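As structure tokens, the structure follows; a few thoughts come after it.
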Amino acid sequence: MSDADAALESLYVAHWDQLVRLSVLLVRDLGQAEEVVQDAFVELHKRWALLDDPGRAPAYLRQTVVNRSRSALRHRGVVQRHLARQHRVDDAAPADEPVLADSRRRAVLDALQRLPRRQREVLALRYYLDLSESEIAETLGISRGAVKSHASRGSAALRPLLAPHQKDGL
Amino acid sequence: MSHPDDDLRRLLGDAVDDLTPRDRLGEIRRRTAPPARRRRPLVALSAGLATAAVVGGIALVGGLGLRGDDEPPVAGAPKEAVVGTYFVKDALLYREFQVVDAGPDADRALAALRRLEVDAGPEDPDYTTGWPDGAFREVVVANERIAVRLGVDAVPSGLAAQQAVHTVQGVLQSTAPVVFLGAGGTSTEHLRDNRVVAPVNISDPVEGLAVGDVLAVRGRVAPHQPPRRIAWQLRDPSGRVVQDGTTSVADLAWSLDLDVSGETPGRYVVAVFPLGRPASDDTRTVTVR
């Protein structure tokens, strides 16, 4: 087993579940999130020799997951448009619909999907992964000021949407 | 009462923490396995290579066959193009430059329009958009019209139509009327309305730029009743104005070079507006190092 193989396995044990859940917050689809994170692990393995510091691997994985989630959403949009052209009606529920059936979960994920992309990414990194402003800035390649603005607008937009569920006894 | 940040933390956690991702380690191992474990039969060689294979066949399989699912060379990656995209603030349109893949005009125009969809959206958090995700399908230029095929039934209300008209006309460098073809079969034609463009717009810097000594700010004024002078302010992290002044407009454009070498490092806001109309401002947040 190479160094990269061993490192990848440790990273998998430590981060797989959390990264998939992060991607679910971004793409709202468990199956797609698993694909995104799996691809991120494979990409990391390919580039392992190029990493200056293996300690940065979790940050690299995180960044790859966010970027690939963004691409997946865009690709999904293209696919959906294509399907709509082909069939007009495509009412089949996604394969993981039962998993996402819980109404509170759906409300949160739907609310996130309605936000502009940057706001959604900042909120997921800040409130799910608990990253600092500078870590978020580095992950997304934006300034700390922009992180602050997106976080404040995103959370302001999210609170009223989610208020009914907070009253449910959260 | 709990802190609002804790509520959001709990809310996002509750939404996904009980999801159990399937185990994909086996699949990852398979995809990252050393190439030597993958076998490619010699018969995969084409007849044309058969002669060479007599001498170097094994090496050829070893050398070429192992590239497997490697990514294509970076040199083949598409180049990028900058497009102006229009977003809404205070019932006016503001232009923000974004990067899309280079390509034919219609492709760049469609890529620019897709930046107006809420899933992409503006970099500047002050701006909003009226277009939902999946709103744009195709751009076709024909018969002195720009046709935009939509993935939604109709053009959203408000300034959405003008957002798209200004964006697509800017990319195509044409002021031809824009016909929106709704998914439900509707068709509406829109002309450019210059009255909804913000009187002053910052083109450069982009939101969030970090600067050292000099902050160069450039922008345009609206062609409809353009202001002849504009005022500017630099506000420190507390919102206090630390520098201000005015500058003239020439050929609908203006520029400023602000000396920020004496400012304490931090997050500043540069604001520009028509002289005497501070409510019609455009702002950018910059970081002074």
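The values are calculated or read from the model by the stated rules, or taken from the named source; none is laboratory data. Computed from a predicted structure; not experimentally measured. No Cβ is skipped: glycine too gets one built from the backbone with ideal geometry, and neighbour counts run over all protein chains shown.
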Subject >> helices (runs of 4 or more DSSP H) fully within segment B:3-98 counting 1 or more residues that are of a type in the set (Ser, Thr, Tyr), in contact with a Phe, Trp or Tyr (Cβ under 9 Å, 6 or more places away or on another chain) and modelled with pLDDT of 80 or more >> reply: B:25-32
Original post:
Which of the residues belonging to segment A:38-91 are at pLDDT below 80, surrounded by fewer than 17 Cβ atoms within 10 Å (Cβ to Cβ) and hydrophobic (A, V, I, L, M, F, W, C)?
Top reply: A:VAL78, A:VAL79, A:LEU83, A:ALA84, A:VAL89
**OP:** Among the candidates A:GLU121, A:GLU133, single out the residue that is farther than 21 Å from B:THR129 by Cβ and more than 8 Å from every other protein chain (Cβ to nearest Cβ).
**Re:** A:GLU133
Subject >> Out of B:VAL217, B:VAL242, B:VAL286, sole residue that is within 14 Å of chain A (Cβ to nearest Cβ), hydrophobic (A, V, I, L, M, F, W, C), surrounded by 12 or more Cβ atoms within 10 Å (Cβ to Cβ) and assigned to a strand (DSSP E or B) >> reply: B:VAL286
Subject >> segment A:24-43, residues that are more than 9 Å from chain B (Cβ to nearest Cβ) and of a type in the set (Gly, Ala, Ser) >> reply: A:ALA40
Original post:
Is there a residue in segment A:94-113 that is at pLDDT below 90, among the polar types (S, T, N, Q) and closer than 23 Å to B:ARG10 by Cβ?
Top reply: yes
Subject >> Condition broken by B:THR186, with the remaining ones in (1) under 30 Å from B:TYR268 (Cα atoms); (2) out of contact with any Gly (no Cβ under 8 Å at 6 or more places or on another chain); (3) polar (S, T, N, Q) satisfied >> reply: (1)
Original post:
Does A:ALA4 qualify as being at the interface with another protein chain (Cβ under 9 Å from one of its Cβ atoms), at pLDDT below 90 and surrounded by 15 or more Cβ atoms within 10 Å (Cβ to Cβ)?
Top reply: yes
Original post:
What's the number of the condition B:GLY134 fails, among (1) in contact with a helix residue (DSSP H, G or I) (Cβ under 6 Å, 6 or more places away or on another chain); (2) more than 14 Å from every other protein chain (Cβ to nearest Cβ); (3) at pLDDT below 95?
Top reply: (2)
